[in-house]
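Worksheet for the structure shown next.
The values are calculated or read from the model by the stated rules, or taken from the named source; none is laboratory data. As the structure is a computational prediction, the values presented were derived from the model and not from experiment. Note: ideal-geometry Cβ built from the backbone for every residue, glycine included; neighbour counts use all protein chains shown. What goes into the accessible areas is simple: the full protein's heavy atoms, side chains included, and nothing from ligands, DNA or RNA. Shrake-Rupley method; radii C 1.70, N 1.55, O 1.52, S 1.80 Å.
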Amino acid sequence: MLQRRLFHTILQHFYPGNQETTKSLLSGFPLALRYGHRAAWNRSKSSSQDLRERTLVAVKPDGVQRRLVGQIIQRFEQRGFKLVGLKMLQASEDLLSEHYCELKMKPFYHSLLRYMTSGPVVVMVWEGHNVIQTSRTMVGHTNPAEAQSGTVRGDFSIHVSRNVVHASDSVEGAQKEIQLWFKEKDLLYWDCDQTKTSDQTKTSDV
């Protein structure tokens, strides 16, 4: 605020009585100069929040039975996302009916519940920049016949009713699903300090 007043005072000195010229010139200054560090701090805060976006990914019973959990986790780790929650459980029908509440009127709803309760599932929470949209791309189309090679479903799924994995489809959906499957105490907040690891490696190599 002090910096903005200073610029305004200087401009008024050179352009007395011409408010339009003053406004025009003032608008040309970079945000960081006009408003100090406030704009930069807001961008930094927004960037930090983007990096902490979270999504829910679940390996369905067929994926668990086919021993695909490790390969699916590896793909998300190699993509650079951070695992902050993980559990294996036999999901109850009540839990699944809440998870799939928007599908209750679909003709396949009851067969979906039977499938999802047929064996254990592995649910995970992944964190990272744009993780929700990226995860959906990594998982691939619901129908494996339309899923691209290189996606989880394109590589592993054999039928639309056995499509290996679930991933949240929106920010609102992710928040709802994470709260449904995990308690706050089950989720970890930790920093992946790759710089420190790199420095330690360099030191050990000397």
Output the qualifying pairs, or none if there are none: Cβ atoms under 7 angstrom, residues six or more apart or on different chains, first residue in segment 112-127 and at negative phi, second residue in a strand (DSSP E or B) and among the polar types (S, T, N, Q). W126/T55
Residues within segment 165-184 that are small (G, A, S), assigned to a loop (DSSP other than H, G, I, E, B) and surrounded by 15 or more Cβ atoms within 10 Å (Cβ to Cβ), tallied: 1
How many of the residues making up segment 101-129 are basic (K, R) and farther than 25 Å from M88 by Cβ? 2
Take segment 82-106 and flag every residue that is open to solvent by 50 Å² or more (accessible area, probe 1.4 Å), closer than 21 Å to A174 by Cβ and among the aliphatic types (A, V, I, L, M). L86, M88
Within segment 145-167, can one find any residue that is farther than 15 Å from L68 by Cβ, touching a residue at least 12 places away in the same chain (Cβ under 8 Å) and in contact with a strand residue (DSSP E or B) (Cβ under 8 Å, 6 or more places away or on another chain)? no
Mind telling me which of the residues T142, T151 ends up being farther than 13 Å from V59 by Cα, at pLDDT below 95 and within 23 Å of the chain's Cα centre (by Cα)? T142
If I ask for residues that are among the acidic types (D, E), open to solvent by less than 90 Å² (accessible area, probe 1.4 Å) and not in a helix (DSSP H, G or I), which ones from segment 125-164 would you list? E127
Among the residues of segment 69-81, is there at least one that is over 21 Å from G154 (Cα atoms), open to solvent by less than 10 Å² (accessible area, probe 1.4 Å) and not in a loop (DSSP other than H, G, I, E, B)? no
Out of all the residues in segment 82-113, which are of a type in the set (F, W, Y) and part of a helix (DSSP H, G or I)? Y109
Conditions (1) at pLDDT 55 or above; (2) more than 22 Å from S161 (Cβ to Cβ); (3) surrounded by 14 or more Cβ atoms within 10 Å (Cβ to Cβ) -> T22 fails only (1)
Taking segment 186-202 as the search range and keeping residues that are part of a helix (DSSP H, G or I) and either open to solvent by less than 100 Å² (accessible area, probe 1.4 Å) or at pLDDT 95 or above (or both), which one is nearest to E53 (Cα to Cα)? D186
Looking at (1) open to solvent by 100 Å² or more (accessible area, probe 1.4 Å); (2) in contact with an Asp or Glu (Cβ under 7 Å, 6 or more places away or on another chain), find the lone condition where H110 falls short. (2)
